[in-house]
Amino acid sequence: MPELPDVEGFRRFLERHASGARIDRVDAPDAVLVRNRTPRELDGALKGHHFGTPWRHGKWLIAPVGDVEVLMHFGMTGLLRWVPAREGAGRHPHDRIIFVCDGGELRYNNMRRFGGIWLAADAGERQGITGPLGPDAAAVDRAAFEQLIRGRRGAVKAALMDQRLLAGVGNLLSDEILWRAGVHPGTPVREIGRVRRERLYTAMRAAIGESTRYGRVPHGARWLTRVRDERDPRCPRCGTPLSRGTLAGRTACWCPRCQPRRRR
């Protein structure tokens, strides 16, 4: 599922290919993925206007167009494609929404049809669409992270993935962060002392910093994400067979040796 680093990659992609481009029309082969307007209303609001500089908050990509904003969420399988006008490449069956611009087509592609495209007329409508979001995980400082996490109830993996608390961390990144910090994903937040909270923050910034350089959660030799979905995964650090379980409704993966359950 696209997480903060993936969406940051999409933001850079949109900025590189479409910022400043005039939108001539919007085609919606899959009208359902235009979530809060009709395709005709979306086309009417954007036609003749130019893409501004896109920005990101957590897993949401926001593209200003004239006086409105196009909000993109990528669900599990979403991505962006750009096809220059001179190429005239045929559209893929999973190209759900197409922004036809003066220099080419920006195509919102989404195989499994989660996520979608929203239109926001102002900041209030944008916040109503995204719901309450915590600070962006790539920008939160150590003091703010400490304050957010310290008073949290429940397991630490669920806390890291709660977009109302911290925007952008999903299943893969949370496993990577906890493995780097040596914290079991099921540990109640109240049992995590100051030293381990500091390790969590350091691990989060490192994992996000490295990931955003690639525009995705990478599969490097020293990353848990490289092996977590193998049939018989082993810890990249110590070689111990990894454990799996379900936490916060998602599959968690951890090393029982590097991430033992222990109390404060």
Seminar exercise, completed: Full extension between residue 129 and residue 238 adds, at 0.36 nm per residue less the Cα distance, a length in nm of 34.9 nm
For this session: Take each of the peptides 177-190, 195-208, average the number of other beta-carbon atoms within 10 Å over its residues, and list them starting from the highest.
Result: 177-190, 195-208
For this session: Set the Förster radius R0 to 30 Å, insert the Cβ-Cβ distance between residue 231 and residue 198 as r into 1/(1 + (r/R0)^6), and round the FRET efficiency to 0.05.
Result: 0.30
For this session: Kindly report the accessible area of segment 1-75 per residue (heavy atoms of protein chains, probe 1.4 Å, no ligands, DNA or RNA), in Å².
Result: 42 Å²
For this session: Subtract the Cα-Cα distance of residue 113 and residue 53 from 0.36 nm times their separation in residues, and report this length gain in nm to one decimal.
Result: 19.0 nm
For this session: Lys and Arg at +1, Asp and Glu at -1: add these up for the other residues within a Cβ distance under 10 Å of residue 52 and post the number.
Result: -2
Exercise. How large is log10 I(q)/I(0) at q = 0.11, 0.15 Å⁻¹ when the Debye formula is applied to the Cα atoms of segment 1-101, each weighted equally and without solvent?
Worked result: -0.31, -0.59
For this session: For the chain, give the percent of accessible area contributed by carbon and sulfur heavy atoms, probe 1.4 Å, rounded to a whole number.
Result: 48 percent
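Excluding ligands, DNA and RNA, what is the solvent-accessible area per residue of segment 91-184 at a probe of 1.4 Å, expressed in Å²?
38 Å²
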Seminar exercise, completed: Given a 1.4 Å probe, the accessible area of segment 220-264 per residue, as a whole number of Å², is 65 Å²
Problem set entry | Value in Å of the Kirkwood radius, where segment 154-264 supplies the Cα pairs that are averaged | 13.9 Å
Exercise. Taking the Cα atoms only, what angle lies between the long axis of helix 171-181 and the longest principal axis of the chain, rounded to 10 degrees?
Worked result: 30 degrees
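The values are calculated or read from the model by the stated rules, or taken from the named source; none is laboratory data. As the structure is a prediction and not an experimental result, all values here were calculated from the model. Here the Cβ is made from the backbone with ideal geometry for all residues, glycine too, and neighbour counts use every protein chain on show. SASA here: full protein model, heavy atoms, side chains in, ligands and nucleic acids out. Shrake-Rupley method; radii C 1.70, N 1.55, O 1.52, S 1.80 Å.
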